[in-house]
């Protein structure tokens with residue numbers, strides 16, 4: 001394999017594996033803040049135990065997330081040094097802001113959140129939960145800003161020529177609030193909330209099916225379900241807005257997402273199908289003109305298709321199409337699960353409906369898959385550009401790195417990440433089996449069983 005392909009595979013492996021954990025931290029951070037806020041208002045000891053348990057899960061995801069994220073920082077210098085030199089002044093400022101304003105805030109207060117239960121006043125501990133939650137969200141802000149600048153660059157100019165050319169910031173505000181950053185940020189944050197929600201729902205459903213920690217599971221599920229409904233609606237709305245932004249600023253990505261081939265013709269929408277790039281068609285059911293309606297509000301409005309662009313400027317169509325449509329499908333499934341949960345809750349049968357609880361246990365995988373597919377759509381759809389319209393991915397490679405060195409490190413990283421994932425699952429399983437613990441939790445479960 002070529003150096004370019006190996007370097008891309010290596011970076012995609014590291015970032016996709018790392019991205020398992022930040023969404024969980026963001027989602028759990030908000031859920032923990034909500035639970036501790038309820039405890040502060042009601043003084044109900046149940047919510048104190050809820051908070052303590054989910055803080056332990058948060059600590060585990062944070063630790064693995066940090067360990068897996070460090071590698072990417074070095075890859076910018078080893079595999080993508082030309083890219084780093086070209087956009088370092090812009091991209092580096094966002095990464096530095098993430099470290100200063102987000103990581104230090106989150107990690108600094110995490111010690112109080114984990115170990116300060118009996119050492120600080122309750123209001124101080126609640127404040128640490130707030131700061132950890134904000135730190136996790138601030139981290140997402142700066143990472144999304146940096147990536148969005150690569151998608152829709154703004155607020156800069158190019159200085160120098162040839163190998164000495166590089167981008168410099170001329171307007172920091174324009175760089176941060178580039179044309180796609182806020183829409184993409186809202187979509188990413190709501191996706192992270194859903195990831196945290198489904199982790200809580202999955203573990204709570206497991207406890208209810210096993211008839212263990214029942215009051216704890218019910219309270220956790222209530223909080224998660226309410227947040228999940230709000231996050232699912234937000235995900236649907238922000239996804240639509242983000243797609244409109246793609247249509248305006250990244251037309252090649254949009255037509256790859258929808259596999260629209262004609263140079264200028266009304267755009268049909270395919271809920272699902274098979275992409276036949278050779279014959280330039282999609283095999284599957286379609287809604288005639290619906291893509292035109294989504295983009296321009298008219299069913300017969302012409303949409304500029306793949307044929308109208310230079311071949312060398314087009315992303316891989318099939319991968320982009322499949323990733324985008326599978327993401328939408330998973331999003332619909334999650335919204336349906338949230339809707340069913342709301343109906344069951346309103347009927348008072350949520351905690352006794354075993355078929356629904358059995359669906360929730362493996363459903364923890366749904367937001368993870370959807371988040372990975374969303375990033376695949378964004379990154380593969382941006383190709384062949386590493387900075388859209390400015391710098392091609394092939395031009396961002398390091399000149400001194402050899403393919404065999406990248407292959408060796410790729411194999412090493414794969415093995416290490418697999419070991420870290422096994423460790424994460426093992427430790428998570430141990431914490432789930434231990435449960436919230438405490439004599440009070442056991443007494444509550446026994447009382448519940450006796451009453452039912």
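A short reminder: the numbers here are calculations on the coordinates, not readings from a lab. Just so we're clear, the structure is a prediction, and the values are computed from it rather than from any experiment. In this analysis, Cβ positions are derived from the backbone assuming ideal geometry, glycine residues included, and neighbour counts consider all displayed protein chains.
Ranked by the mean number of other Cβ atoms within 10 Å of their residues, highest first, the peptides 332-342, 221-231 come out as 221-231, 332-342.
Given region 15-162 reduced to its alpha-carbon atoms as identical point scatterers, what log10 I(q)/I(0) does the Debye formula return at q = 0.08, 0.09 Å⁻¹? Each listed q maps to, in turn, -0.29, -0.35. Between helix 214-249 and the chain there is an angle of about 10 degrees, using the helix long axis and the longest principal axis of the Cα atoms. Relative to the longest principal axis of the Cα atoms of the chain, the long axis of helix 181-210 lies at roughly 40 degrees. For the listed peptides 429-436, 314-321, a ranking on the average number of other beta carbons within 10 Å per residue, highest first, reads 314-321, 429-436. Across all directions, the average projected area of the convex hull around the alpha carbons of region 261-304 is 2.9 nm². Compared with the dominant Cα axis of the chain, that is its longest principal axis, helix 21-42 is turned about 40°.
How much of the calculated P(r) for region 130-225 lies past 21 Å, in percent of all Cα pairs? So the portion of pairs separated by more than 21 Å is 55 percent. Taken over region 1-82, the ratio of Cα radius of gyration to 2.2 N^0.38 Å equals 1.58. Peptides 62-69, 179-186 ordered by packing proxy, namely the average of other Cβ atoms within 10 Å per residue, highest first: 179-186, 62-69. At q = 0.10, 0.15 Å⁻¹, what base-10 log of I(q)/I(0) does the Debye formula yield for region 223-346 when every alpha carbon is treated as an equal point scatterer in vacuo? The calculated log intensity ratios at q = 0.10, 0.15 Å⁻¹ are -0.36, -0.73. The relative contact order of region 146-229, computed from alpha carbon pairs under 8 Å that lie at least 6 residues apart in sequence, is 23 percent. Overall dimensions of region 272-337, expressed as equivalent-ellipsoid semi-axes from the Cα gyration tensor (√(5λ), whole Å, largest first), are 22, 18, 12.
Think of it as helices only: each DSSP H run of n ≥ 4 in the chain is worth -39500 (n - 2.57), and spread over all residues that comes to -24000 deg cm²/dmol at 222 nm.
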